[in-house]
């Protein structure tokens, strides 16, 4: 390996307010997530586990999904979906 560290898509983690969500993943995906967490910990100098990384990975995925962004931008807002009654 060369003298420079490889770069990961996921950078240092921001501090956020969380809501618990439980999901099931395959054993192979869990192993990959654990490997990613190990690499992330080594590169950024802060120990994290896969469960800590997953929300940030999902947020990054959604932020880059152009189709989802386009769909959301076409969705009517609550105020335009329910206009006040005209009198």
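The values are calculated or read from the model by the stated rules, or taken from the named source; none is laboratory data. Quantities reported herein were computed from a predicted structural model and do not represent experimental measurements. Note that each Cβ is placed from the backbone with ideal geometry, even for glycine, and that neighbours are counted across all protein chains shown.
Residue 17: in contact with a helix residue (DSSP H, G or I) (Cβ under 9 Å, 6 or more places away or on another chain) and modelled with pLDDT under 95, yes or no?
no
Being surrounded by fewer than 11 Cβ atoms within 10 Å (Cβ to Cβ) and either in contact with a strand residue (DSSP E or B) (Cβ under 8 Å, 6 or more places away or on another chain) or modelled with pLDDT of 95 or more (or both) is the filter here, so list the residues in the range 22-41 that pass it. I'd like the intermediate steps shown before the answer.
Our first condition is that a residue be surrounded by fewer than 11 Cβ atoms within 10 Å (Cβ to Cβ); within the range 22-41, this holds for 22-24, 26-28.
Across the range 22-41, the qualifying residues are 24, 26, 27, 28.
Test residue 35 against the stated conditions and say whether it is within 14 Å of residue 8 (Cβ to Cβ) and without any contact (Cβ under 8 Å) to a residue 24 or more places away in the chain. Yes, satisfied.
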